[in-house]
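Read the structure below first, then the notes.
The values are calculated or read from the model by the stated rules, or taken from the named source; none is laboratory data. Predicted model, so just to flag it, every value in this text is computed and none were measured. Here Cβ is always computed from backbone atoms with ideal geometry, including for glycine, and neighbour counts include all displayed protein chains.
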Amino acid sequence: MMANGRIATCDAAEARRASALVATILVAAAGMLATRAAVAAGAAVTVTVTQGGDKPLAGTVLMLHPLGAPQHPQAPVRATMDQVNRMFVPDVLVIPVGSTVSFPNTDKVRHQVYSFSPAHRFQLPLYSGKPYPPQHFDRAGLVTLGCNIHDWMLAYIVVTDAEFFGSTDGSGKWSIKDVPSGRYRMEWWHPRLREFPASDSREIEVSGTEPVEVRVAIDGGLRPPAMGMHPHSWDAY
Ligand SMILES: [Cu+2]
């Protein structure tokens with residue numbers, strides 16, 4: 001009985017070791033699959049935006065929404081929009097829905113920040129420094145910001161539930177990697193366009209790892225830049 005018992009114990013230990021080994025191998029295999037999936041998760045999408053012929057349009061915000069598939073908005077972030085030399089810095093922010101933004105005032109003069117936009121209506125009564133907690137942006141849309149004291153102070157916060165988003169660089173390009181296969185609706189917006197998002201949009205298809213190139217030509221319709229001593233990031237385009 002003893003011997004049998006001991007043998008039985010041995011067998012059990014052996015079996016446990018064996019199953020542990022199998023489990024380890026399975027985990028390793030899953031890890032390899034995950035790594036492979038991460039390497040070849042999808043395709044690179046490159047968008048080029050021009051206006052008035054071939055002029056690159058920097059600062060165009062692009063948003064990709066999957067079609068016919070559940071949307072996975074990006075994780076919320078904590079962002080900051082400062083006030084420096086009587087200007088908002090940065091003057092365009094793009095954030096996922098659910099993000100927070102703090103509005104410190106680094107200037108010696110006081111500012112009174114407000115927004116009347118339906119996506120987020122708020123007011124921070126006259127202040128300097130950082131007396132208020134961050135604002136929570138829980139609805140997608142365009143939020144236009146101003147200051148009650150300095151009329152020229154103007155900034156935008158784009159709150160988006162898009163799965164992928166970004167904005168064009170100085171050469172009018174935006175690139176993103178690893179976009180999974182599927183159809184997407186691509187929307188865009190620029191501070192000098194009148195509508196948010198632009199009434200135009202584009203459907204794009206991503207298949208495997210095949211790179212996708214999209215060109216968007218915005219012909220006319222841009223508002224003229226504001227004149228004055230307080231430039232905005234979008235004036236130069
Ligand atoms: Cu101000």
Restrict the check to segment 169-185 and report whether at least one residue is at pLDDT 95 or above, crowded, with 20+ Cβ neighbours inside 10 Å, closer than 23 Å to T80 by Cβ and within 20 Å of the chain's Cα centre (by Cα). yes
M63 fails exactly one of (1) more than 16 Å from the ligand (Cβ to nearest atom); (2) within 30 Å of G220 (Cα to Cα); (3) surrounded by fewer than 20 Cβ atoms within 10 Å (Cβ to Cβ), namely (3)
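Here's the yes/no breakdown for (1) touching a residue at least 24 places away in the same chain (Cβ under 8 Å); (2) under 30 Å from R215 (Cα atoms); (3) within 16 Å of the ligand (Cβ to nearest atom):
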position: F103; (1), (2), (3): yes, no, yes
position: D107; (1), (2), (3): yes, no, yes
position: G141; (1), (2), (3): yes, yes, no
position: L154; (1), (2), (3): yes, yes, yes
position: D169; (1), (2), (3): yes, yes, no
position: W174; (1), (2), (3): yes, yes, no
position: G182; (1), (2), (3): yes, yes, no
Considering every residue within segment 113-131, establish whether at least one is under 19 Å from the mean Cα position of the chain (by Cα), under 30 Å from R215 (Cα atoms) and either of a type in the set (A, V, I, L, M, F, W, C) or more than 11 Å from the ligand (Cβ to nearest atom) (or both). yes
Exactly one condition in (1) within 19 Å of R139 (Cβ to Cβ); (2) surrounded by fewer than 17 Cβ atoms within 10 Å (Cβ to Cβ) is not met by P90; state its number. (1)
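Limited to segment 69-87, what total is found for residues that are loosely packed, with under 14 Cβ neighbours inside 10 Å and either assigned to a strand (DSSP E or B) or within 21 Å of the chain's Cα centre (by Cα) (or both)? Working first, answer last.
Step one: list which residues in segment 69-87 are loosely packed, with under 14 Cβ neighbours inside 10 Å, which gives 69-72, 75, 77-78, 84-85.
This time we only want the ones that are either assigned to a strand (DSSP E or B) or within 21 Å of the chain's Cα centre (by Cα) (or both), so: 69-72, 75, 77-78, 84.
Total meeting the criteria: 8.
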Residues that are loosely packed, with under 14 Cβ neighbours inside 10 Å and farther than 15 Å from V97 by Cα, drawn from segment 127-144: G129, P131, P133
